[in-house]
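Here's the structure, in structure tokens; my notes come after.
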Amino acid sequence: MAEHTDYETRVANILKAELKRKGVTYAQLVEKLAAIGVEEKEVNIRNKLSRGKFTAAFMAACYEAIGSSAIRLD
């Protein structure tokens, strides 16, 4: 299995932290994404965040879906 790069780990942790701050579970994220026209399954979201392999567009969609307007890098 390929190792996570520092950046993959970092962005996955940033998104996980924002979900936690907002109190949004993966199941709720699926519903919120669907409301903005992005179809995902909970297992796929869990895998993306576990691997740290997802696009910037996916991250932006997640932020929009949960009502976050800024990505905190620290």
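Residues in region 51-70 that are modelled with pLDDT of 95 or more and of a type in the set (S, T, N, Q) were compared, and the one that is nearest to the chain's Cα centre (by Cα) is Thr55. Per the listing Glu3, Glu18, the residue uniquely touching a Ser or Thr at 6+ places or on another chain (Cβ under 9 Å) and either at pLDDT 95 or above or open to solvent by 70 Å² or more (accessible area, probe 1.4 Å) (or both) is Glu18.
Pairing residues of region 35-60 that are open to solvent by 80 Å² or more (accessible area, probe 1.4 Å) with residues that are in a helix (DSSP H, G or I), at Cβ distances under 6 Å and at least 6 apart in sequence or on separate chains, gives Arg46/Tyr26.
Between Val11, Val24, the distinction of being closer than 12 Å to Tyr63 by Cβ, in contact with a Gly (Cβ under 7 Å, 6 or more places away or on another chain) and surrounded by 12 or more Cβ atoms within 10 Å (Cβ to Cβ) belongs to Val11 only.
The values are calculated or read from the model by the stated rules, or taken from the named source; none is laboratory data. Computed from a predicted model, the values in this text were never measured in an experiment. Note: ideal-geometry Cβ built from the backbone for every residue, glycine included; neighbour counts use all protein chains shown. Only protein heavy atoms, including side chains, enter the accessible area calculation; ligands, DNA and RNA are left aside. Shrake-Rupley method; radii C 1.70, N 1.55, O 1.52, S 1.80 Å.
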